[in-house]
Ligand code: C5P
């Protein structure tokens, strides 16, 4: 799987996202659609952006009983998304059911990645509220291995964890990493950030970049800079 930049299209309406993507005349960036836009605009927004020629990472983070996840994944697969995700906390059985639901009759399916522990969950809260009494790094790697055992393609993680995930799960296990900022850019509300150059050095397969591109004065130039720093 080649390296690529995925733009997090965190807009709240169809009009905003279409107007943003219309600025791209030459390239067709891989885009991430999250819960806010999907719940506001519905599955039609996926079809419309696909029809414009973009690849889509549908970031809905499914987590339910295996049968429900299998059926929901089947619907997403028919929407022809290129990548989707779930919570590894749903267990290996849930992840296996997800793959079953995603796999089309011809054997193809979107890339499926797992969220291990959300970066908003601190080790302290995980220990005290969730009663998981282990260091968070160990939990993240264990959940990544569970995802691999279930047959998933990779995980969402911090670029700073990408090398360790590759060491633990293999170099072909995909790492999709948010928290990327240009060396001279604002970090906003992100805490542990990495530049596109550094993310490439650490070995991220995909970087997810939102505001440094969507809020830039010239989003196309910012996207191109990101691609040249990350993909080379
Ligand atoms: O604007 P920014 O580049 O911070 O956007 C990053 C995107 O990645 C957002 O859609 C955010 O929700 C998502 N994300 C993240 N950190 C995680 C998981 C997802 O920033 N741990």
inquiry  = Filter the stretch 192-232 down to the residues that are outside any helix (DSSP H, G or I), away from the ligand (no atom under 16 Å from the Cβ) and within 22 Å of residue 163 (Cβ to Cβ) and list them by number.
reply    = 203, 231, 232
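Inspect the stretch 167-174 for any residue being in contact with a helix residue (DSSP H, G or I) (Cβ under 7 Å, 6 or more places away or on another chain), more than 12 Å from the ligand (Cβ to nearest atom), assigned to a helix (DSSP H, G or I) and at pLDDT 95 or above and give the result as yes or no.
Looking through the stretch 167-174, at least one residue is in contact with a helix residue (DSSP H, G or I) (Cβ under 7 Å, 6 or more places away or on another chain), more than 12 Å from the ligand (Cβ to nearest atom), assigned to a helix (DSSP H, G or I) and at pLDDT 95 or above.
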request  = Could you tell me whether residue 80 is on the phi > 0 side of the Ramachandran plot and either in contact with a helix residue (DSSP H, G or I) (Cβ under 8 Å, 6 or more places away or on another chain) or not in a loop (DSSP other than H, G, I, E, B) (or both)?
outcome  = yes
inquiry  = Quick check on the stretch 122-140. Is at least one of its residues more than 15 Å from the chain's Cα centre (by Cα), buried (at least 21 other Cβ atoms within 10 Å of the Cβ) and more than 20 Å from residue 205 (Cα to Cα)?
reply    = yes
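For residue 31, state whether it is part of a loop (DSSP other than H, G, I, E, B) and under 16 Å from the mean Cα position of the chain (by Cα).
No; evaluated as a whole, the condition is false for this residue.
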request  = Within the stretch 143-164, identify whether any single residue is more than 16 Å from the ligand (Cβ to nearest atom), in contact (Cβ under 8 Å) with a residue 12 or more places away in the chain, within 27 Å of residue 26 (Cβ to Cβ) and assigned to a helix (DSSP H, G or I), and answer yes or no.
outcome  = no
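What do you reckon, is residue 109 in a loop (DSSP other than H, G, I, E, B), touching a residue at least 24 places away in the same chain (Cβ under 8 Å), more than 16 Å from the ligand (Cβ to nearest atom) and more than 17 Å from the chain's Cα centre (by Cα)? It would help to see each step written out before you state the result.
Values: in a loop (DSSP other than H, G, I, E, B): yes; touching a residue at least 24 places away in the same chain (Cβ under 8 Å): yes; more than 16 Å from the ligand (Cβ to nearest atom): yes; more than 17 Å from the chain's Cα centre (by Cα): no.
Answer is no for this residue.
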task = Could you please let me know if residue 45 is in contact with a helix residue (DSSP H, G or I) (Cβ under 6 Å, 6 or more places away or on another chain), part of a helix (DSSP H, G or I) and within 16 Å of the ligand (Cβ to nearest atom)?
result = yes
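The values are calculated or read from the model by the stated rules, or taken from the named source; none is laboratory data. Worth saying up front: this structure is predicted, and the values here are computed from it rather than measured. So basically every Cβ, Gly included, is an ideal-geometry build from the backbone, and we count neighbours across all protein chains shown.
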